[in-house]
Each structure stands twice: as C-alpha cells, then as structure tokens.
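Before any comments, here is the structure.
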Amino acid sequence: MDLKQFEADNCGSCRLASLIPDVCRAEDCCLGVDEAGRGPVLGPMVYGICFCPVSKKEELKDLKVADSKTLTEAERENLFQNLDQAKSYVGWALQILSPNMISTSMLQRMKYNLNALSHDTAIGLIQYALDSGVQLKEVYVDTVGPAEKYEVKLSQRFPGIKVTVRPKADSLFPVVSAASICAKVARDRVVKGWKFAEDLGQIDTDYGSGYPNDPKTKEWLLKYLDPVFGYPQFVRFSWSTAHTLMDSKAVTVHWDDDEEDGEKAAERQNNRSMLSYFSASAEADRAQQTHRFFTERRLKSLKSL
C-alpha cells in the first residue's frame, strides 16, 4: 500500500488500489464495502472495498479475516499482508477522505452531510470496480443510515447486482471484513505518518484514539488550538467537539455591518476588532511567531502608507 500520493496532498481525497486479478475479470465476483474512521475528530475517513470470485469465498474465509475493530493493529497488519499475498484472486481499492475535505463538505453552503458523503464514496468505489472489468454479481455493505433504504438505493443504482446491506456487515460477511481491514490499516498508517502542513514545532503525536470523548484527544485539541486560525488540517473542524472548544477558547470575532464603526462596536461588546490584530502593538507581540497564513502569502503589517 503506497500512500505517497495522499501524503503529497493530504487536504483532499485520494484513491488507492491493488492490481485487478485476471480471474476477477473472468468469473462472477462478490464485493464488500466498509469504512474506518467515521467517528473520530482527528484524521481521515477511509472507505474500502475488497472483491474476489464467488468461487473463492471459502478461501477468503480461510484467511481468518474478521471485523477490524475486534483486532489489534498487529493482527490487522498481518491479515492485510495475507490479503495482499492472495492477489491472484483478491483485489481491493480505497478512498481516503481528508479531515479538511470532510469538514468543508459538511459546512459548505449547500450542506453535504456525512451520510451522503459516505454513500457517494461507496458508490464511487463500486463503480470503479465495474469500470475496471470486475464481474460483480454480489455486493455486501456495512450500512450507513437505515439499511433497507440504503439497500434499495444501491440496488437501483446497480441493477443486475444482488445488493445486501446490513448493520455490522463486517462481522457477518468475510468479504466485508476484508474491506474493513484494508480501510483500517490505511487509516492507521495515514494517521501515524501524518505530515502537518502547519509549522507546529515538535508536534506531540500522543493524541489518543482521535474520538471526541477520549481525554487525550481533548487535551491535544486544546493544546493545538490557535486562538485566531483554529486547528491544523488534521482536525475535522466541523465536529461539534471542535466547534465547542473554538467557541470557548478562541478569540471572539465581531463582524461589523456597514452602518457602524467596527472598532467602536467591538469595544462596546468588550471584544477586539479585526483591525486591532494588525496594529503596531499586536505586530510586536507576534514578532516571535507568525502564522503560516501570513508567511505563505508574504503578508506584513504596514505602519504607514
């Protein structure tokens, strides 16, 4: 699994895939869909598919694949290697969705919620397998939202393919377990090797599980909250946990309207105006450390025109 493509630009979306086994283009195949990292406030969400000929279902089961959440990291890595070694009849593909892409999608003017994003990503991966020549006859999916509605949606989108959508499908169908392992291994590797675009100095990578209720994750979020610019791109700033911390710990910004003076309006509310951030005294306070927003754009405060 080569992550260089995503690591080169970890603020968008990236697809990775194995080679397509010849047998998957010749025989009827089954395919499983699952994700890793839907809930965390840190890091990407990864969707995965795994596919093999229907005639090889028992051989896939013999690889002892299981729901990735029940396995240790070492066990997942070992099972992924087993899947990779079975490349004569097993194929996989992944879609890595960065935290930045997830948050901007959810907060854009036309709301694009996480369920819709998840559905579209799964559909895109199934379509990728079909476009690659995989002879799909059966698709098994771990549900997002009501299973019955999702199953109808996928069946209408892919007529002629038997679609099965179930809660906890990763513990029911080995081909979904295999997809779960591929997705989880990819997410673990991406999180462990995350390259921060922001200059945060010696970064503390002890951020716990990444889930909002983890004390270590909350502590990390507090430590790396910039009072003006918020969080590094490793954080899903659309999550309520990030929202709450920014509301309570970040600098309050007053957006004045055209009919009143911004400085005076901010003063009345006991806030600082945006203009005060660029004053000479503020410039002196920031002499030791300038945010990358300014350095990347070569911006400097002017004392006179």
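Here are the numbers:
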quantity	calculated
Which listed residue, of Lys64, Lys69, Lys87, is charged (D, E, K, R), touching a Ser or Thr at 6+ places or on another chain (Cβ under 9 Å) and assigned to a loop (DSSP other than H, G, I, E, B)	Lys87
Number of the exception - Asn78 against (1) over 18 Å from the mean Cα position of the chain (by Cα); (2) closer than 30 Å to Trp239 by Cα; (3) without any contact (Cβ under 8 Å) to a residue 12 or more places away in the chain	(2)
Flag if Gln127 is among the polar types (S, T, N, Q), over 14 Å from Val33 (Cα atoms), open to solvent by 10 Å² or more (accessible area, probe 1.4 Å) and at pLDDT 95 or above	no
Candidates Val141, Val90, Val176, Val163 - the one that is touching a residue at least 12 places away in the same chain (Cβ under 8 Å), open to solvent by less than 10 Å² (accessible area, probe 1.4 Å) and over 22 Å from the mean Cα position of the chain (by Cα)	Val90
In region 93-113, the residues that are in a helix (DSSP H, G or I) and open to solvent by 20 Å² or more (accessible area, probe 1.4 Å)	Asn100, Met101, Thr104, Met106, Leu107
Condition check for Phe196: on the phi < 0 side of the Ramachandran plot and over 19 Å from the mean Cα position of the chain (by Cα)	no
Residue match in region 189-207 (condition: buried (at least 16 other Cβ atoms within 10 Å of the Cβ), touching a Lys or Arg at 6+ places or on another chain (Cβ under 8 Å) and outside any helix (DSSP H, G or I))	yes
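Yes/no per residue for (1) over 15 Å from the mean Cα position of the chain (by Cα); (2) open to solvent by less than 30 Å² (accessible area, probe 1.4 Å):
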| position | (1), (2) |
| --- | --- |
| Phe6 | no, yes |
| Asn10 | no, yes |
| Cys14 | no, yes |
| Ile20 | yes, yes |
| Ala26 | yes, no |
| Gly37 | no, yes |
| Pro44 | no, yes |
| Cys52 | yes, yes |
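The values are calculated or read from the model by the stated rules, or taken from the named source; none is laboratory data. None of these values were measured; they are calculated from a predicted model. Quick reminder, even Gly has a Cβ in these numbers, built from the backbone with ideal geometry, and neighbours come from all protein chains shown. Only protein heavy atoms, including side chains, enter the accessible area calculation; ligands, DNA and RNA are left aside. Shrake-Rupley method; radii C 1.70, N 1.55, O 1.52, S 1.80 Å.
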